[in-house]
Amino acid sequence: MKLKKIFFAATLLFTGLSLAACSSAKTEQSPLDKIKEKGTLVVATSPDYAPFEFQTLVDGKNEVVGSDILLAQKLADELGVELEISTMNFDNVLNSVQNGKADLAIAGLSISPEREKVFDFSDPYYQDGNVLLVQKGDVAKYAKVADLDNADLAVQKGTTQETYARANLSNANIVSLTLMGEAVNQLKNGQVKAIILDSSVASGYMSQNPDLALAELTFEAEPENAKAIAMAKDSGELKKEINKIIGKIVENDDYKSYLEEAAKYTVVE
Ligand code: ARG
C-alpha cells in the first residue's frame, strides 16, 4: 500500500516535471517562430500621430492608416503572416511589447538609450527632429530656452520629448498629456503655450491649422530621433529578419512613398 502511494506520487511528480518542461520549451520558442506559428504579426501603435499613424474614415468607418501602418503591412507580407494592428494610448505601446501582448511596436518611435536597455530596436527607417509648435503670434517670443521659463509646455506622455523636456527644459511648466490631439487643442485655446513633437507631425498640424507655426527656438538633432521598431529584448532571428526587410525599404526609399500615401487621408480625431 505504502509502496503504491510512493509510486503514485512519483508518477505525479514525473508528469508534473514533463509538463513543466513542455511549457518552458514553449516560452523558449523564438519570437520569430512564435509569429510564424500564430500566423499573425501583432503590432502595437497609438494612432494619434499623423502621418505615422492616425485614424481616418473609410466608407464611414474609422480605420487606422499611416506610413507606419504601411510599413507594418510590408513586414507582415514579407514574413508571410497576417497583420493585426493593436491600438492603445502611446504610454502603453512599449508595455504591450514588454508583456508579450504585441510582437512589435511601430509608433513613430525614437530610439533612446533608456529604451535600448529594455528593448531591441531595428535599424532606423526614418529620421525626424524635435520642433516647438506654438501659436503663430508667438514664433519670435520663443527663440531661446530661457523663453520657456515658467511657460506651460505640453509633451505627450511616455515620449522621448517628455524625457527631453524634463531633462533640458526643467524651468518650463511641463504638462504631460495622453493624446497628441489633446495637446494641440490646448495650444489652440491657449491652455498651453507650446508643444514639443516630431517635425513631420508638426507639419501635418500646421497644414490643418494656419494659426499654428514653429517657434524660432530649435533643438539640436539627436541621433535618438531616428525612428525604429521596438521588439522584446533578445529577439535574435526576428530582429535579423526585420532588419533585412528594413534594409530593402531604406535602399528603395520606400518609406517616402508610404508617407506620400498617408498624406492622401484626412485625419479624424
Ligand atoms: N518619437 C517620440 C517617441 O518615440 C514620440 C512618438 C509618439 N508616437 C505616437 N504614435 N503618438 O517617444
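Given a 10 angstrom Cα cut-off, can you work out which residue in 112, 200, 170 is the most mobile in a GNM of the chain? Greatest mean-square fluctuation among the candidates belongs to 170. Between 29, 98, 55, the residue with the greatest mean-square fluctuation in the GNM of the chain (Cα pairs under 10 Å linked by springs) is 29.
Computing Rg and the Kirkwood Rh from the Cα coordinates of the chain gives a ratio, Rg/Rh, of 1.12.
Loop-only trypsin sites (Lys or Arg not before Pro) in the range 144-202, please: DSSP not H, G, I, E or B, and at most 12 other Cβ atoms within 10 Å.
Details: sites: 144, 157, 166, 188, 193; in loops: 144, 157, 193.
Within the range 144-202, the qualifying trypsin sites (Lys or Arg not before Pro) (loop, at most 12 other Cβ atoms within 10 Å) are 144.
Any idea how far the Cα center of the range 87-149 sits from the one of the range 241-263, in Å? So the two Cα centres are separated by 20 Å.
Summing Cβ point charges (Lys, Arg +1; Asp, Glu -1) relative to the Cα centre of the range 139-269 gives a dipole of roughly 140 debye. With contributions of -39500 (n - 2.57) from each DSSP H run of at least four residues, the per-residue ellipticity at 222 nm computed over the chain stands at -13000 deg cm²/dmol. The order of 175, 58, going from fewest to most other C-beta atoms within 10 Å of their C-beta, is 58, 175.
Jot down the per residue volume, in cubic angstrom and as a whole number, of the convex hull over the alpha-carbon atoms of the range 178-269. Could the numbers behind the result be given before it?
Numbers: hull volume 14.5 nm³, N = 92.
Convex hull volume per residue, Cα atoms: 158 Å³.
Note on the chain: GNM, Cα springs under 10 Å; of 128, 198, 59, the largest mean-square fluctuation is that of 59.
Loop-located GluC sites (Glu not before Pro) across the range 95-190 with a Cβ neighbour count of 15 or fewer within 10 Å are lacking, with loop assigned by DSSP.
Each value in this text was obtained by applying a stated rule to the coordinates, not by laboratory testing. All values derive from a computational prediction rather than experimental measurement. Every residue, glycine among them, receives a Cβ derived from its backbone with ideal geometry; neighbour counts consider all protein chains shown.
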